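Notes follow the structure.
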Amino acid sequence: MKPAPLDRARRNSFRLLVAVIGFLGAWFFAIRPAYAWGPKAHRLSNDWAIGTLPDELRGFFQTNRSFILEHSNDPEKWIKKDRYERMRHYIFLDKYGMFPYLDLPHSYKEAINKYGSGHIAHNGVLPWQIGEYSLKLTEALKAGKWEEAKLDAAALGFYVSEAHDPLHTTRNDDGQLTNQVGLAGRFGTELVDRYSHFFMFRPDDAVKINDPTEHAFKMVLESNTWVDQIILADRLALDDLPGYTDEYYDRFYSRIGSTAMREISEAAHDVGSYWYTAWLNAGRPELPH
């Protein structure tokens, strides 16, 4: 028996709806910003991190500077291949109560036991990812896997820098909760691209980190203290302007540029410190130059 015309019409309408939903889903993930420092910020932090290293470690990174910088944004590319990658770039601390978010255990196992894996994954795992990648770099250095170590160092630098982007620590990561959509790109990418030639970096020398995961939580907590100032600076910079013009960016930079500069500089110090710590924990292997 042939299907009735109405049934065929319903099936066709359903197929069209499924196709539209699929297209919109693909479109959404394609255009959704990653809410990250832009590529330049990551290259800057990794580049300046090399200068924080002690002599016995610096030579290896200087020799491979171009490689490290070329791969400074690799985890951003991994998002397209790994649906779980995005959650490794942020942590929405304000989903865990009030600052300093004492309800959130810093032990991953304890956090899962308390909130459930779904809640933790949805709200980001950045500090734990930094702890895991610090161990990954340590193991590569210990095994003498130098090519792997270079890739791991670049990726670890990316995650550490993400922890220094204040907007990676809040559920208002793109200004969407305060009617300021696009804030992440304006702060993390456009501001840096426009004004980084004015930035003066003075990262401290790399130091040993006793607990890589706990230190990562200290980084995101410190970054989180700047969220309100970024939101306010964006709103005030736009006041009386028709849009995000050159004048807006000049105003925005005058209000919050020093914060971006400081966070990238401190990111460079912490990136160097994580590299140095991984090398120490690997037993201080002699590195090829």
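Values quoted throughout were computed directly from the atomic coordinates according to the rules given, and no laboratory measurement underlies them. Remember, it's a predicted structure, so these values are computed and weren't measured experimentally. Virtual Cβ from ideal backbone geometry, glycine too; neighbours counted across all protein chains shown.
A few remarks follow.
- For the options TRP275, TRP48, TRP37, a Gaussian network treatment of the chain with springs between C-alpha atoms closer than 10 Å singles out TRP48 as fluctuating the most.
- Each of PRO212, ALA143, LEU287 was scored by the projection of its Cα onto the charge dipole of the chain, and the greatest displacement toward the positive side belongs to ALA143; charges sit on the C-beta of Lys, Arg, Asp and Glu.
- Separation of alpha-carbon centers, segment 243-289 and segment 42-56, rounded to whole Å: 9
- Of the residues GLN229, PHE187, VAL160, the one whose Cα sits farthest toward the positive end of the charge dipole of segment 33-281, with +1 on the Cβ of Lys and Arg and -1 on the Cβ of Asp and Glu, is VAL160.
- Normalised per residue, the volume of the convex hull around the Cα set of segment 79-142 (Å³): 97
- Highest-fluctuation residue, LEU141, LEU241, LEU104 considered, GNM on the chain with Cα pairs under 10 Å: LEU241
- Peptide ranges 171-177, 258-264, 234-240 listed from the most packed, as the mean C-beta count within 10 angstrom indicates: 258-264, 171-177, 234-240
- Per residue, the chain reaches -19000 deg cm²/dmol at 222 nm when only DSSP H runs of four or more residues are counted, each adding -39500 (n - 2.57).
- P(r) tail fraction, segment 203-289 - alpha-carbon pairs more than 18 Å apart, %: 58
- Which listed pairs, of LYS136/LYS208; LYS95/LYS136; LYS80/LYS114; LYS40/LYS150; LYS80/LYS145, have C-alpha distances above 22 Å, in listed order: LYS95/LYS136; LYS80/LYS114; LYS80/LYS145
- Size of electric dipole in the chain: Cβ of Lys, Arg +1 and of Asp, Glu -1, about Cα centre, debye, nearest 20: 1480
- Global form of segment 144-200, assessed from the alpha-carbon gyration tensor, a/c cut-off 1.5: oblate
- Sequentially through segment 89-100, phi angles give Karplus couplings (6.51, -1.76, 1.60; θ = phi - 60°) of 9, 7, 8, 8, 4, 6, 8, 10, x, 9, 4, x Hz, Gly and Pro residues having no value and appearing as x.
- Convex hull of segment 33-281 built on C-alpha atoms - directionally averaged projected area, nm²: 13.2
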